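Only one structure is covered here, and it is reproduced in the block below.
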Amino acid sequence: MLVLPQDVVEALGSEQLAGNGRQFAYADERREERPLAGVVTVRTAGRSTSVTYVVGPPASEPLIGQIVLEALDLLVDCTQQKVAPGPESPFLSLFKL
């Protein structure tokens with residue numbers, strides 16, 4: 001999922017969603033209950049998608065997770081430290097149904 005720090009969420013003027021407490025597991029296996037907030041649009045690599053996001057602790061690092069990358073049909077290139085469109089869909093996002 002997308003995680004935005006609480007101070008950024010407040011600056012955006014977003015509201016937390018009702019019934020918003022959910023438990024999340026991080027890549028380092030920590031588990032934490034965090035609230036969800038309204039929809040935000042993510043734009044990168046010439047693509048965009050709108051997603052609900054997790055409110056992280058104040059001043060934490062934003063995180064673009066796998067759900068957002070899949071919605072944008074982007075792959076992570078760790079050696080060049082960038083994201084790029086999938087080889088099957090260089091111009092438009094490809095969604096498999």
Name every residue in segment 27-48 that is in contact (Cβ under 8 Å) with a residue 12 or more places away in the chain, more than 19 Å from residue 8 (Cα to Cα) and part of a strand (DSSP E or B), in order of residue number. 47, 48
Pick out the one residue from 8, 68 that is in contact with a Ser or Thr (Cβ under 7 Å, 6 or more places away or on another chain), open to solvent by less than 70 Å² (accessible area, probe 1.4 Å), of a type outside the set (Phe, Trp, Tyr) and not in a strand (DSSP E or B). 68
Checked segment 18-42 for anything under 17 Å from residue 66 (Cα atoms), exposed (fewer than 10 other Cβ atoms within 10 Å of the Cβ) and of a type in the set (A, V, I, L, M, F, W, C); matches are 25, 27
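The values are calculated or read from the model by the stated rules, or taken from the named source; none is laboratory data. As the structure is a computational prediction, the values presented were derived from the model and not from experiment. Because the Cβ atoms are built from the backbone with ideal geometry, glycine has one as well, and the counts that use them run over all protein chains shown. What goes into the accessible areas is simple: the full protein's heavy atoms, side chains included, and nothing from ligands, DNA or RNA. Shrake-Rupley method; radii C 1.70, N 1.55, O 1.52, S 1.80 Å.
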